[in-house]
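Visitor: Have a look at this one.
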Amino acid sequence: MPDVKYVVVTGGVVSGLGKGCATAALGALIARNKKVVTIKCDGYLNVDPGTINPYEHGEVYVLEDGGEVDMDFGHYERFLNINCKFSWNITSGKIFNSLITKERKGEFLGKTIQIFPHVIDEVKQWWKRIVQEEQPDFCFIEIGGTVGDCENFWFVEAARQLRSDVGNNNIFYAHLTYVPFLPSVGEPKTKPAQRDVALLREKGIIPDVLLCRSTTPLEDKIKSKLALFCNLESRQVVSVPDVKTIYELPLVLKRDGVLAIVQEKLAISAGDLTRWEKLVTTILNPHDRVTIALCGKYTDLRDSYASVVEALVHAGAHLNCGIDVTLVETTSVAAEQFADLHAHGILVPGGFGSRGVEGKITIIQHAREKRIPYLGICLGLQLAVIEFARNVCGLAGANTTEIDQNTPHPVVTFLPGQTEHTAKGGTMRLGACTSQLVQESLVAHLYQKETAVERHRHRYEVNPAYHRQFTTHGMVLSGLTPEKQLVEFIELPNHPYFVATQAHNEFTSRLEQPNPLFLGFVQAALAYKKAGRIL
Ligand code: GLN
């Protein structure tokens, strides 16, 4: 069996340079159609990243197995067409916890337990166990934070040692650094990157490529200067300027010669990026454009809806359509504001708590009545059900018990006993669930299957006591869980596109394989635009 190829990605100077994107882009470039695992090492001491305040690291990304992880896993999955596992997210907390548990059990026979060698060995054992279990062709290891942070020291040291464990021809080190442009002097400054690489060398790692983030492409003379002072060849200094779409990144890396360097060192064959390139060209020069109103909370960063925005982009890329997202503040939405939205489709994404909910319900009513394409995700389904209950079924005061415990019509409610399979995350339904789709429904047509598997992250469900009332008033419950008959998909047949799901279908969308509901939604938005109507 051929050796597993390891690619280690570290970062320096500042955080927030897009190391997750860079790792994913490297993967798309060198490991296309290969079996890949992507391990992310975070320095913090939380044993379970799922228990960190969801918005501290941008969006909470949910994996197939129910693991709640950060946005980097979204990049890995979207660029590499893979389904990551929760166990691939390693934190210092997990490492120490495991080590201390072993020590308490007496597994070290009274020896002194130290950072060297025990913590470092533990890290390597975790990596090797994943590789053992998955038998991949490539193992990507991204080390969070920046080199020199005390809290990721053991990961950097383990990465250094890995070279002698697996052999120089089986490991590739990529380091992401920063070359700031100083407007006052009118040139890019290389000193931070020089110092950064010196620090990395001090830790014993010599990068095979230095990925230089900057606002504009680096000129050759800057590359040569960096190469000289970092002890590298010029071709190892790679320019990674700002891009219009992150999906350009694999192509940017390829253009700057990264593939050749990797191939030389790891003796691998290249994948074919033709299809990827075509999709990127479409994203950059689409034939048409639509505007989608994304109805979230105004204060949330765009990062909070990263996967939703990406899923829209994926669908657009396959329909030759650019996507303009307008973030709509729903805490103060009034009907007269709709005229200013200029949107061809309305999307209500997931959310928690009561803020902005009534505004979202008003927008959903508008979408339903004015026949504007609507896609509801998780909370977006629950609110669509509430709107329908109130305004079509005549159930005044209908609500979700998450917001109103005393509602006369709890059309969305907490169902006791629904969470027996969810060890993590307390009472949330987390991870992938299969639903049975209703034949002839729009949802079944879009998935082109009898079942759909989508990921979940929510507590409340459509109340089964009201299913009959909804269907007699014309709502189609187009997908239900096979055993418990929980509502997974709804649609309104007498509407161009009114579809919602209890799942977070944005998490299964990939550039090369858009999610079916997003595809249908963008297509409907395009049709809406072509019909000359604008919201
Ligand atoms: N707050 C709702 C629930 O817990 C919806 C959650 C979500 O949209 N992810 O059920």
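Visitor: When the Kirkwood hydrodynamic radius is evaluated over all pairs of different C-alpha atoms of the range 194-257, what value in angstrom, to one decimal, is obtained?
Guide: With all distinct Cα pairs of the range 194-257 included, I get 12.3 Å.
Visitor: Also: Let me know the shape class of the range 304-414, please: from the alpha-carbon gyration tensor, a ≥ b ≥ c as square roots of the eigenvalues, rounded when a/c is under 1.5, otherwise prolate if a/b is greater than b/c, or oblate.
Guide: prolate
Visitor: Antiparallel DSSP bridges in the chain: what percent, to the nearest 5?
Guide: Roughly 30 percent of the beta bridges in the chain run antiparallel, per DSSP.
Visitor: Can you put SER164, SER184 in order of Cβ neighbours within 10 angstrom, beginning with the fewest?
Guide: Fewest to most other Cβ atoms nearby, the residues stand as SER184, SER164.
Visitor: Relative contact order for the range 152-260 using alpha-carbon pairs under 8 Å, separation at least 6, rounded to a whole percent?
Guide: Value for the range 152-260: 23 percent.
Visitor: State the antiparallel share, in %, of DSSP beta bridges confined to the range 88-245, rounding to the nearest 5.
Guide: The answer is about 15 percent antiparallel.
Visitor: Also, I was wondering about something else. Counting only Cα atoms, I'd like the Rg/Rh figure for the range 240-291, Kirkwood definition for Rh.
Guide: For the range 240-291, the value is 1.08.
Visitor: Let me ask something else about it. List, in order, the whole-Hz ³J(HN,Hα) value for each residue of the range 135-141 obtained from phi through the Karplus relation with A = 6.51, B = -1.76, C = 1.60 and θ = phi - 60°; use x for Gly and Pro.
Guide: Each residue of the range 135-141 in turn: 6, x, 7, 10, 10, 8, 10 Hz.
Visitor: Principal axes first, then extents: for the Cα atoms of the chain, list largest minus smallest coordinate on each axis, whole Å, largest first.
Guide: 72, 59, 46
Visitor: Report the one residue of PHE388, ILE30, ILE120 whose Cα lies farthest in the direction of the positive end of the charge dipole of the chain (charges on C-beta: Lys and Arg +1, Asp and Glu -1; origin at the Cα centre).
Guide: Selected residue: ILE30.
Visitor: Return the Cα extents of the range 139-188 along principal axes one, two and three, sorted largest first, each rounded to a whole Å.
Guide: 47, 27, 15
Visitor: Something else about it: Suppose R0 equals 35 Å. What FRET efficiency, 1/(1 + (r/R0)^6) with r the Cβ-Cβ distance, do SER354 and LYS244 give to the nearest 0.05?
Guide: 0.40
Visitor: Radius of gyration and Dmax for the range 162-281's Cα atoms, expressed in Å?
Guide: For the range 162-281, the Cα-based Rg and Dmax read 15.3, 47 Å.
Visitor: Short version: ³J(HN,Hα) in whole Hz for each residue of the range 305-317, in order, from phi by Karplus 6.51 cos²θ - 1.76 cosθ + 1.60 (θ = phi - 60°), x for Gly and Pro, what are they?
Guide: 10, 3, 5, 5, 4, 4, 4, 5, 4, 4, 4, x, 4
Visitor: Given the -39500 (n - 2.57) contribution per DSSP H run of 4+ residues, what per-residue ellipticity at 222 nm results for the chain, rounded to the nearest 500 deg cm²/dmol?
Guide: -10500 deg cm²/dmol
Visitor: What value in Å³ per residue do you get for the convex hull of the alpha-carbon atoms in the range 1-132?
Guide: In the range 1-132, the Cα hull volume divided by residue count equals 141 Å³.
Visitor: How big is the Rg/Rh ratio for the range 483-535, C-alpha atoms only, Rh by Kirkwood, two decimals?
Guide: Using only Cα positions, Rg/Rh for the range 483-535 is 1.05.
Visitor: Same structure, new question: Amide H of GLY11: which non-local residues (sequence gap of 5 or more, or other chain) have their own amide H closer than 5 Å, using H built in the peptide plane?
Guide: Hits under the 5 Å cutoff: VAL147, LEU176.
Visitor: Report, by chain and number, residues whose modeled amide H sits under 5 Å from the one on THR91, excluding near sequence neighbours (fewer than 5 apart, same chain).
Guide: ASP42
Visitor: Oh, and also: Report, by chain and number, residues whose modeled amide H sits under 5 Å from the one on THR326, excluding near sequence neighbours (fewer than 5 apart, same chain).
Guide: ILE292, ALA293, LEU294
Visitor: Turning to a different aspect of this structure: If you filter the range 93-178 for trypsin sites (Lys or Arg not before Pro), then keep DSSP loop positions with at most 14 other Cβ within 10 Å, what is left?
Guide: LYS105, LYS111
Visitor: Another question about this same structure. Can you compute the radius of gyration and Dmax for the range 209-364, using only the Cα atoms, both in Å?
Guide: For the range 209-364, the Cα-based Rg and Dmax read 21.2, 63 Å.
Visitor: Rounded, prolate or oblate: which fits the range 426-493, taking a ≥ b ≥ c as square roots of the Cα gyration tensor eigenvalues, rounded meaning a/c under 1.5, else prolate when a/b beats b/c?
Guide: oblate
Visitor: Further question on the same structure: For the range 390-535, taking Cα atoms only, what is the radius of gyration to one decimal and the Dmax to the nearest whole Å?
Guide: 16.2, 50
Visitor: I would also like to ask the following. For the range 355-361, what does the Karplus curve 6.51 cos²θ - 1.76 cosθ + 1.60, with θ = phi - 60°, yield as ³J(HN,Hα) per residue in whole Hz, taken in order and with x for Gly and Pro?
Guide: Rounded to whole hertz, the list is 5, x, 5, 5, x, 5, 4.
Read-outs: derived from the displayed coordinates by stated rules, not from any lab. Quantities reported herein were computed from a predicted structural model and do not represent experimental measurements. Don't worry about glycine lacking a Cβ; one is built from the backbone with ideal geometry, like all the others, and counts go over all protein chains shown.
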